[in-house]
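J.: First the structure, then my questions, so here it is.
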Amino acid sequence: MTITPRPPRADLIRHCDPEPAEGKAIFVIAMTIALFLLFIPPAFAQSTEAWYAFTLDKNLDPDSPANIGRHVLNAPAGIHGYVEVNGADFQFDNGSPARFWGTNLCRSGAFPPEEEAKFAADRIAFFGFNAVRFSDIDSAFAPDGLLEDSAPGYTDPQLKNTQLISREQLDRMDRLIYLLKRRGIYTAFNLLTNRRFTVADGVVQAGLLGPGAKPACLFDPHLIKLQQIYAKQLLTHYNPYTESRYSEEPAVAFVEIVNDCSLIRAWQQGRLNEPDNLWEKAYLPEFYLKQLDDRWNRWLEKKYPTPAEAIAIWGLDGLEPVERAIVQQDHLWVVEKHADARCRFNSAAGAAILHADLVTGKAEHLQYRRNRIPTVAGQNYLLEFTGSADRTLNIQAVIQQATFPLTHLGLDQSCELDRAWRIYQIPFTATDDCLNAKLTFYFGAQKAMVRIKDVRLSKVTTLPILMKEAQRTRFDFKRPKYAWLYFYPELMQKDIREFYLELERAYFTEMERFLRVEAGVQVPVTGISGYPLPENLRTQEDLDYVDAQAFWDYPQFPDKAWDRSDFRIHNESIFGKEGEAEETGLLAGLIEKEVRDKPFTVSEWNHCYPNTFSWETPVLLAHTARERGWDAVFQYNFANSADSYEYASAVNDYFEIAANPQQLLLCSLGSLVYLGKEELKKTVSETGIGLSNSSAAIIYGAPALNPSPKRRTLFHTRSQGVGALIAPDGVPLDEAQELILYAVGPLQARGSKRRSDKHFLWGDGTPMLCGMDLQLFIHDRYSLQVYALDEKGEPHEEPSLASGRVRHDLNLSGTQSPWYLLKFE
């Protein structure tokens, strides 16, 4: 995932607990857990209980019964030997299973000073993470990244090479990794994330390449060489604290070659071809486009004796252009308005003149469209129109179902308009049959006057560009564009796919060989961290495992990238508007990507803030991952900045959780679910989701089944939130004299609010949790006292609630803590 630099974080938490004895193993304790996830669908109204401030202390009590790390971490990391692949699973080389419930450290967050490194290691351990993925550490010069500024006197970054690693930054990371190792926490490295290659590196047109030089990084020989130089420096580096090189360190679990990058994906996104129209933009500089053109034609030369034979085998020489118009601009074209958007419409000289006077920021809220258009799946079409505007702006040409669910049918093209009249020609292939489709232009993104005329939609058999290809006498063919793929003969479609697959496979083969032979890597290696398209599985078939990523309600920025006051979220539950109990949203997306014949990992996941339903995901994701046999799951992220370690109170980031008590507590429960010895069984009913085993019960907004036969325990709530009842010392729930109760509701920063659909106020960052209307009934022969745990995880001196013998009816309504200690006396 690509993260743009943002203003420094305000607050995060520092923790200074005593060091564990070196070499001391902390074995996993068998724990009896009763978990109840209170997954209330959006149809349930949120409890009216008061919100309360809850900021975790910098110095969490290491002896707290809520210190989950004591029960799941096995220190030091690497005690069982290297991680290796055993069929579809990870294992350590002593044969014991290897699973990782982790988080990410990114950018300068990976290089804290000494005291803050101890805080980070302690906090990550306390909440039960047993792995940390170091990502995006290559994106900047020190102190924000790992790279050494070789020319500090220059202000132009293009005059600085990126081939040196900062010794000071390495020392900080070395110390942190050592502290993590001592606590039983493993490390994973992502090698290429957002490195900004420069002219000083000898990179052609470097200033025009984006972060990571993607996707040119996958095929340009010089860019590949630069990646190898960096990888060898990092992985063969000797850590004086652990007294080992990273390539020989068993506490390094695995290595990823490149984050979120694929030639196949880039081709599908239209990023690998030269523009065919004046209004299109090139995503890659000319040098790299020509390099791909040359490689394509050299690939064809090896396969076909002559251009004529290629043309004949493809069937290009038999193409006959046929065009039949099915829609032209007429009186059936109308303006469609949504929400508060407003538009004046008039016509002149055959042109529709659209004055967008009031816009919502969503382009689809103003549309110029025509319905009653039939589409046929697999049929090729050509949309032509002439357009201009009173300023430079983008409109969207779309064909979609005219009625719900408004599914797009093969055309979704952004077109840049300006003051000059331009002719736009957009070929596309319909993806489905539809008797009532609508052809529409979205123009409601910003105030402007848009002019459209000469609209024509035609069925076509071929394109002029293909007729030109049929006339080639040399191997100088143009590479087929993905958007026009089905205009090409089938054999030509197959060839262009194979070309990109072979090119991508060659990159991973070369990089994996280099990591093994030149850098000495001992642990599993994957190619792409991010998304396993079926084609990518072929290009990475010789690598060790497959990775995916998933985010729920990732912020969208319609006007300016990473504008913190102007972004869009849908703010919906992962269960959908009707509260479906089956896996949906983020979970369904990951299930679709999983593989069964190799280890499967999730290097980044997040239910992003400020989505109101962020409490839904961590524990259920942990259960899904455990049940389906996923080998590693990494929350994104713990800290994205070194500034995060100086403070401890602000929730003011979409992804960071170091100061987010809701996500930390829920991730600690996720750790127990994912790393614990006992699995939980999932049941789905009309009322919601249940997770249970011999000592656990999970409810969904209704009284639970009895989790303990002797104590006859029942939970009840109508609040949104997540709860857990834990016997922390591993004794059976019925026999435990102490239990930990969690009641974690929705979270928001104090003073935060959305002023409109467009603008968001972050507030002062103080974490505010919503109190839960939660009742707990326990029938027991002992008296019961309930102590709220404070911000350090320590029980208050006086009980919050007390109950007599036999019958204990506890109502947490009005209490202001997300965790409690229950004592039976």
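J.: Quick one: in region 219-271, which of the residues that are over 23 Å from Leu533 (Cα atoms) and among the acidic types (Asp, Glu) is surrounded by the fewest Cβ atoms within 10 Å (Cβ to Cβ)?
T.: Within region 219-271, the match that is surrounded by the fewest Cβ atoms within 10 Å (Cβ to Cβ) is Glu243.
J.: Let me ask something additional. Residues Gly763, Gly701: which one is modelled with pLDDT of 85 or more and either farther than 23 Å from Ala66 by Cα or of a type in the set (Phe, Trp, Tyr) (or both)?
T.: The unique qualifying residue is Gly763.
J.: Here's something else I'd like to know. Can Arg626 be described as touching a helix residue (DSSP H, G or I) at 6+ places or on another chain (Cβ under 7 Å), over 25 Å from Lys58 (Cβ atoms) and open to solvent by 10 Å² or more (accessible area, probe 1.4 Å)?
T.: yes
J.: Could you count how many residues in region 733-758 are of a type outside the set (Gly, Ala, Ser) and open to solvent by less than 60 Å² (accessible area, probe 1.4 Å)?
T.: 9
J.: So which residues in region 750-781 are without any contact (Cβ under 8 Å) to a residue 12 or more places away in the chain and among the small types (Gly, Ala, Ser), if there are any at all?
T.: Selection gives Ser756 alone.
J.: Of everything in region 149-167, what is out of contact with any Ser or Thr (no Cβ under 8 Å at 6 or more places or on another chain), open to solvent by 40 Å² or more (accessible area, probe 1.4 Å) and not in a loop (DSSP other than H, G, I, E, B)? Give them in sequence order.
T.: If the condition is that a residue be out of contact with any Ser or Thr (no Cβ under 8 Å at 6 or more places or on another chain), open to solvent by 40 Å² or more (accessible area, probe 1.4 Å) and not in a loop (DSSP other than H, G, I, E, B), then Arg167 is the only one that fits.
J.: Follow-up. So Thr55 ticks every box in (1) open to solvent by less than 30 Å² (accessible area, probe 1.4 Å); (2) under 18 Å from Phe655 (Cα atoms) but one. Which box is left unticked?
T.: If we test Thr55 against (1) open to solvent by less than 30 Å² (accessible area, probe 1.4 Å); (2) under 18 Å from Phe655 (Cα atoms), just (1) comes out false.
Per-residue answers, yes or no, for (1) touching a Cys at 6+ places or on another chain (Cβ under 6 Å); (2) free of Cβ contacts under 8 Å to residues at least 12 places away in the same chain; (3) in a helix (DSSP H, G or I); (4) of a type outside the set (Gly, Ala, Ser):
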residue	(1), (2), (3), (4)
Val595	no, no, no, yes
Tyr609	no, no, no, yes
Thr612	no, no, no, yes
Ala622	no, no, yes, no
Gln662	no, no, yes, yes
Leu665	no, no, yes, yes
Glu679	no, no, no, yes
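J.: Still on this structure, please answer the following. Given (1) under 34 Å from the mean Cα position of the chain (by Cα); (2) in contact (Cβ under 8 Å) with a residue 40 or more places away in the chain, identify the lone condition not met by Gln328.
T.: Looking at each condition in turn, Gln328 falls short on (1).
J.: Here is a further query. Which one of the conditions (1) assigned to a loop (DSSP other than H, G, I, E, B); (2) at pLDDT 90 or above; (3) within 30 Å of Gln228 (Cα to Cα) does Thr526 fail to meet, given that it meets all the rest?
T.: Of (1) assigned to a loop (DSSP other than H, G, I, E, B); (2) at pLDDT 90 or above; (3) within 30 Å of Gln228 (Cα to Cα), only one is false for Thr526: (1).
Every residue, every condition in (1) of a type in the set (Lys, Arg); (2) open to solvent by less than 20 Å² (accessible area, probe 1.4 Å); (3) over 25 Å from His759 (Cβ atoms), yes or no:
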site	(1), (2), (3)
Glu535	no, no, yes
Leu543	no, yes, yes
Asp547	no, yes, yes
Arg564	yes, no, no
Gly576	no, no, yes
Leu586	no, yes, yes
Asn611	no, yes, no
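J.: Let me ask something additional. Checking Ile257 against (1) part of a loop (DSSP other than H, G, I, E, B); (2) of a type in the set (A, V, I, L, M, F, W, C); (3) touching a Leu at 6+ places or on another chain (Cβ under 6 Å), which single condition isn't satisfied?
T.: Here Ile257 meets the rest and fails (1).
J.: Give me a count of the residues in region 430-447 that are of a type in the set (A, V, I, L, M, F, W, C) and either free of Cβ contacts under 8 Å to residues at least 60 places away in the same chain or open to solvent by 10 Å² or more (accessible area, probe 1.4 Å) (or both).
T.: Matching residues across region 430-447 total 4.
J.: Restricting attention to region 81-126, report how many residues are among the aliphatic types (A, V, I, L, M), open to solvent by less than 10 Å² (accessible area, probe 1.4 Å) and over 26 Å from Lys792 (Cα atoms).
T.: Result for region 81-126: 2.
J.: Something else: What is the number of the single condition among (1) under 15 Å from Phe508 (Cα atoms); (2) open to solvent by 10 Å² or more (accessible area, probe 1.4 Å) that Ala216 does not meet?
T.: Only one criterion in (1) under 15 Å from Phe508 (Cα atoms); (2) open to solvent by 10 Å² or more (accessible area, probe 1.4 Å) is unmet by Ala216, namely (2).
J.: Same structure again: Would you pick out the residues in region 511-533 that are more than 15 Å from Cys261 (Cβ to Cβ) and surrounded by 15 or more Cβ atoms within 10 Å (Cβ to Cβ)?
T.: Glu512, Phe514, Leu515, Ala519, Val521, Gln522, Val523, Pro524, Val525
J.: Let me ask another. State which residue is farthest from Tyr230 (Cα to Cα) when the search covers only region 177-199 and only residues that are buried (at least 24 other Cβ atoms within 10 Å of the Cβ) and among the polar types (S, T, N, Q).
T.: The qualifying residue farthest from Tyr230 (Cα to Cα) is Thr187.
J.: In addition: Can you tell me which residue in region 348-375 is nearest to Thr429 (Cα to Cα), limited to those that are out of contact with any Leu (no Cβ under 9 Å at 6 or more places or on another chain) and exposed (fewer than 14 other Cβ atoms within 10 Å of the Cβ)?
T.: In this case the residue turns out to be Gly350.
J.: Inside region 159-213, can you point out the residues that are in contact with a strand residue (DSSP E or B) (Cβ under 6 Å, 6 or more places away or on another chain) and either small (Gly, Ala, Ser) or at positive phi (or both)?
T.: Selection gives Ala188, Gly212.
J.: Could you list all residues from region 404-429 that are open to solvent by less than 60 Å² (accessible area, probe 1.4 Å), closer than 19 Å to Ala282 by Cβ and out of contact with any helix residue (DSSP H, G or I) (no Cβ under 7 Å at 6 or more places or on another chain)?
T.: Across region 404-429, the qualifying residues are Gln413, Ser414, Cys415, Glu416, Leu417, Asp418, Tyr424, Ile426.
J.: If we keep just the residues of region 465-487 that are free of Cβ contacts under 8 Å to residues at least 60 places away in the same chain and buried (at least 18 other Cβ atoms within 10 Å of the Cβ), which is nearest to Ile426 (Cα to Cα)?
T.: Within region 465-487, the match that is nearest to Ile426 (Cα to Cα) is Trp484.
The values are calculated or read from the model by the stated rules, or taken from the named source; none is laboratory data. Remember, predicted model here, so these are calculated numbers, not experimental data. In this analysis, Cβ positions are derived from the backbone assuming ideal geometry, glycine residues included, and neighbour counts consider all displayed protein chains. Note: accessible area is taken over every heavy atom of the protein model, side chains too, but ligands, DNA and RNA are not part of it. Shrake-Rupley method; radii C 1.70, N 1.55, O 1.52, S 1.80 Å.
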